[in-house]
Structure formats: structure tokens, C-alpha cells
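Coordinate-derived values only; no laboratory data. Here the structure is a predicted model, which is why all the values come from computation and not from measurement. All Cβ positions, glycine included, derive from the backbone under ideal geometry; neighbour counts span all protein chains shown.
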Amino acid sequence: MKRHRACNTPTPSELAAYLDGENNGEESARVEEWLAQNPELAAELEAHEEVSRLYQSAPPPEPSAEAWDGLLARIETELTTRSTPLGVFGHAVDRDDSPRPRRSWLAWTAAVAAGILIALAYVGNPRPRDLAGRDSLPVASDDDVNILSVHGQDIAMLVVGAVPLQEPLALATAHDVTVENVQPDSDGMMPQIGTNSADASSPMIVAPIGGNSEKAP
Amino acid sequence: MAVLTAPAPPAQSDEHLLARFTAGEREALEELFQRYRVTAFRVAFRLLGQEADALDAVQDGFVKALTHLQGFRRQSSFKTWLLRVVSNAALDLGRKRGRRELLRLQGASAGFRPFHASTFQDPTLGLEREDSRQLLDEALATLPPAQRQTFMLHSDAELSYREVASVMGISIGTVMSRLFYARQKLRAYIANRDRQ
């Protein structure tokens, strides 16, 4: 599909919403007007609709009745052995409201054992949030990612493409800055101010890559 | 003589069934299962490509959803909550078991009959349902996982944009654009098969 720069060109989101009837009246009218002026793209959109119809006409084959019954039985079995209302209370309320024989000692033993295992796993592994100081693992480069859309509120947070800055960026030199007062930051750290007057062009205020290099304990 | 039958009792709400389940009633579990098993299975099947794996994912999904009801904050419907858990269970299962669907699709492609563009005019002409399903499964497998899941939640589970956004934790705008590009890719794949 060609990318039109006209202000009335519907976005892919609007076109999808138009297909699904999710646009309001004004938006639908605007899309219809645009489609009337772009018949080749209107045909493409109609083909999208055909794909959806074809998809709806061919749902996956349903499992047999035996498969469904077996699945429900497995779900019940698993819920009975776990800490759920079906398991903890040790019985289910039948249609005649008569409780089945209790097997609570088995359920409580299993629950206690599970609790001990969970506690051991928690102690043995750091919390997911204790990541300070850990090396980050690059999982994708900018070439691996295809950005389809960005929500309006997220646009300002999104960095697209390769990191343009490969070394610390000098924001101001000694020549540019007059130091009047220095206060510690919220962590009690005093910033290091370069005062070497012999080199007036040396950077005084530097933005390091990746944020603060000194983190609070 | 006219035979009168008692009207069927109104279906209980999901909240009522969950309350009964929490009280230990097995019948509530059966009703919830009956109510959502088909939708949950379709979602899982579209993600995994075969019945056995899909049934396992549905089992995992129901068990996880019902053992973690404290995580269900009632901000969305139980259906949305359940499908989120089922789709995540299916994705986890898919990662654990590898891309088995690719092997299946490679075998399916060898015996696939040509697809004709006339199908676009009437999906019921020419192509039998099984071939349609096979073609669509192949096309779906070519979508990026996020697009596939978005498209399938909207088309199979018949969730609204808002519900899909809730299940996937994304914005409605992202849902809409993913749907557009998913349909575009599916359309291109099907058209390409027609040319072969």
C-alpha cells in the first residue's frame, strides 16, 4: 500500500476499525470518502474483508465428546490436588448436597509441601527486581525489530534506530560554566566538578551513556 | 393438546459461577468449562496448530485461571481473563515444544491443492473447508507471534478491540494496527499461493 501524506489519509488503525465497524460515524464517512477516491486501495481493503470472512468460515475442528470429557476430568483432577476450593476443602458439594468423604490430610500435606518448596525457591533465587549492577543482556538490535505502531503516549519514550551516541556527550565546558553552589544529590553524592583552569575547554558537565554511573546502594 | 415446557432457567453469570466454584461446587466448574471450552480451544489451536497441544494448553489455562482467581481483579470479564491465561499457556507450550507446526506445515504443503482467486468472491466455492483451514493455518504461521495472537483473539475468540487490548496488555491503537497488518500479510500469502 502506498503511503499517502495527505492529512485525510486514514491510518492502518482507522482502516482496520472501519472494516470491523469500530469507527464512529464521522470517521467512517471520512474513510469512505477516501476509499471512493482511491479505488485500488479500496479493492485491497475489500480483499482484507474477504480474508476475514474466509477465516470465519473455517474454524478449527472441534475435539470429540470423549476428548472434551477427558479434558474436563484432567482439569478436575489437577484442581483437586492443588490448593483450590475443590482441593483444600477435600470434597465437592454434589447435587444432593451431601459431602464426599474427606481427604483433607492428603490435601493439607500437599499444600504444606508446596509451601516449603515455594519458600525454598524464593530464598534461593533473587527477586526479579534485584537487578541493580547486573549486566544487561542484549536480546535484539535495531535491525531485528520492526515497529508497527506506537501509542501516542509512548512516542516520546521510544528510541528508534541505532544508538547515535557512542561516547559520553559533553554538555558544557569549564569555559561555559560558572560554579556558584554545589549541593549533594538525593543519595548524598557530591558531583565532581572539574576546575582545571589550565584547560578551559575540558568538559565539566557530562551526560554518561545509560544514565547515572553511580547507583544508590 | 399443546405441550408446554418450562422455560430454561436463565444462564448464571460468570461471577455467580465463580462464587459457587469458590464454595467448592464442581458443577460450577463444569458450567464454566462448557461455556468457554470451544473459544479457549480455538485460541489455543490457532497458536499451536494441533489438537493435542491445544487441549493441553486449555487444561493449563483453566487450571491456572481457577487457581489464581485472586489475580482476577474483575476489571475485565472472566472470559477475557481466561483467554489471557489460555493464550499465555499456549505460547509457553509452544516455546517448550518447539515449532512443531512448521514440520506439520511442511508436510501439508507437499500435498496442498492449488488455491484459486475465485475463492475470494465466494469462500464456499471450489475450496473445501479443510483446505481453507490448512491454508489459513499456513498463512497464520507466517505472522509474527504478536500479530497472530491479536488477529486470532479478535477473529476466533470474537473479542472486541478493548478486550483484546486487555488480554494482551496493549493499547487499542496497537490492536487496530496489528489487525490491519495481519490481514495484509494473510492476504499477500494467500494471493502468492494462488500464483504458484
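So the values come out like this:
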item	result
Counted charge near B:Ala89, where neighbours are those whose Cβ lies closer than 10 Å (Asp, Glu -1; Lys, Arg +1)	-1
Average partner coverage of B:158-166, which counts Cβ from other chains inside 10 Å	1
Other-chain or far-sequence residues with amide H under 5 Å of A:Thr173's (modelled H)	A:Met204
Protection-proxy order for peptides B:133-146, B:151-164, each taking the mean of Cβ atoms within 10 Å per residue, highest first	B:151-164, B:133-146
Burial ranking of peptide ranges B:33-42, B:173-182 (average Cβ count within 10 Å, highest at the top)	B:173-182, B:33-42
R0 of 35 Å, Cβ-Cβ distance A:Thr178-A:Val139: FRET efficiency to nearest 0.05	0.20
Centre separation in Å (Cα based) which lies between segment B:142-169 and segment B:6-75	19
Cα Rg, Dmax (largest Cα-Cα span) when computed across segment A:6-72, Å	18.3, 58
